[in-house]
Ligand code: PRP
Ligand code: URA
């Protein structure tokens, strides 16, 4: 191993140790960092070589993995089904209807894969735009039902940077009575995730990977750039 590679590996293990400590206190956070296929797709997603179509398709593939992980223990009931070789074979049917809430714009890329993974969903949305100077989210569209009493809500947004946008929507759905809130993200910054979890300890977060830093513009590093711009085919800034 060259000295450059050795230094890179050492830095990587320092970061990974810090992340393990940070995530250790986050009981409600699950990452898919140990999943080689997700790691492969995520590397492609980050890469400048992935164009708009490839980016959208990778977002769907990774989101499907997130949804299957997040909802592996959904309440269910036994049912009987007919297979080609046995009538009345034992089967399973999930019970919960889940409201899927993408945060516009970028969350839109994740919603179809969640709808496909879950048998019974309703779709709502919230439009937020992060102010580039203050990094605070500005609400421009409230597309949530007024009453979410007793409902399980899954919020999706590929990027959890400072955590402000996800926190805003988590507070909205909880104020409207959601009984269970799950957030699916593709990338989080370590500091944003820690801030979000301490403000919203009751929200379960499933995230493909946690990156070490935010830069001065509030972008995740190494990250993937502006997820909304890449999803909607705008030039990479
Ligand atoms: C991005 C991203 C998140 C938010 C994350 O959206 O999709 O919603 O920023 O940043 P935060 O954790 O610091 O709040 P943006 O506001 O740029 O809107 P867009 O989806 O329309 O691009
Ligand atoms: N929003 C994005 O799309 N990317 C980031 O890295 C941070 C916020």
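The values are calculated or read from the model by the stated rules, or taken from the named source; none is laboratory data. Remember, it's a predicted structure, so these values are computed and weren't measured experimentally. Counting neighbours? That spans all protein chains shown, and the Cβs are built from the backbone with ideal geometry, glycine included.
Per-residue answers, yes or no, for (1) within 20 Å of residue 74 (Cβ to Cβ); (2) within 13 Å of ligand 2 (Cβ to nearest atom); (3) crowded, with 16+ Cβ neighbours inside 10 Å:
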| residue | (1), (2), (3) |
| --- | --- |
| 120 | yes, no, no |
| 123 | yes, no, no |
| 135 | no, yes, no |
| 139 | no, no, no |
| 148 | yes, no, yes |
| 153 | yes, no, yes |
| 182 | yes, no, yes |
| 207 | yes, no, yes |
| 216 | no, yes, no |
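Please go through region 24-49 and pick out each residue that is within 18 Å of residue 223 (Cβ to Cβ) and touching a residue at least 60 places away in the same chain (Cβ under 8 Å). Walk me through it before giving the result.
So the first thing to find is which residues in region 24-49 are within 18 Å of residue 223 (Cβ to Cβ), and the list is 31-33, 38-49.
Those that are within 18 Å of residue 223 (Cβ to Cβ) and touching a residue at least 60 places away in the same chain (Cβ under 8 Å): 31, 32, 33, 38, 39, 42, 45, 46, 48.
Results for (1) closer than 17 Å to residue 157 by Cα; (2) at pLDDT 95 or above, shown as yes or no for each residue.
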position: 14; (1), (2): no, no
position: 21; (1), (2): no, no
position: 29; (1), (2): yes, yes
position: 33; (1), (2): no, yes
position: 57; (1), (2): yes, yes
position: 68; (1), (2): yes, yes
Item checked: Residue that is away from ligand 1 (no atom under 11 Å from the Cβ), under 30 Å from residue 37 (Cβ atoms), in a loop (DSSP other than H, G, I, E, B) and free of Cβ contacts under 8 Å to residues at least 60 places away in the same chain, where the choices are 145, 119, 112 -> 119
Checklist line | Among the residues listed as 126, 99, 154, the single one being closer than 19 Å to residue 200 by Cβ, away from ligand 1 (no atom under 16 Å from the Cβ) and either in contact with a helix residue (DSSP H, G or I) (Cβ under 9 Å, 6 or more places away or on another chain) or not in a loop (DSSP other than H, G, I, E, B) (or both) | finding: 99
Notebook entry, point to check: Can you pull out the residues in region 60-108 that are touching a strand residue (DSSP E or B) at 6+ places or on another chain (Cβ under 7 Å), under 28 Å from residue 142 (Cβ atoms) and more than 16 Å from ligand 2 (Cβ to nearest atom)?
Noted result: 66, 67, 70, 74, 96, 97, 98, 99, 100, 101
Check: For region 172-183, does any single residue satisfy the condition of being near ligand 1 (Cβ under 10 Å from one of its atoms) and within 30 Å of residue 52 (Cβ to Cβ)?
Finding: no
Next item on the list: Can you tell me which residue within region 184-204, out of those that are more than 12 Å from ligand 1 (Cβ to nearest atom) and assigned to a strand (DSSP E or B), is surrounded by the most Cβ atoms within 10 Å (Cβ to Cβ)?
Entry: 184
Notebook entry, point to check: What residue, among those in region 208-224 that are away from ligand 1 (no atom under 12 Å from the Cβ) and farther than 18 Å from residue 194 by Cβ, is modelled with the lowest pLDDT?
Noted result: 216
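In region 163-177, which residue that is part of a helix (DSSP H, G or I) and within 14 Å of ligand 2 (Cβ to nearest atom) is surrounded by the fewest Cβ atoms within 10 Å (Cβ to Cβ)? Break it down stepwise before answering.
Here is the first cut: in region 163-177, the residues part of a helix (DSSP H, G or I) are 164-175.
Those left that are additionally within 14 Å of ligand 2 (Cβ to nearest atom): 164-168.
Details: 164: 20, 165: 27, 166: 30, 167: 19, 168: 17.
Result: 168.
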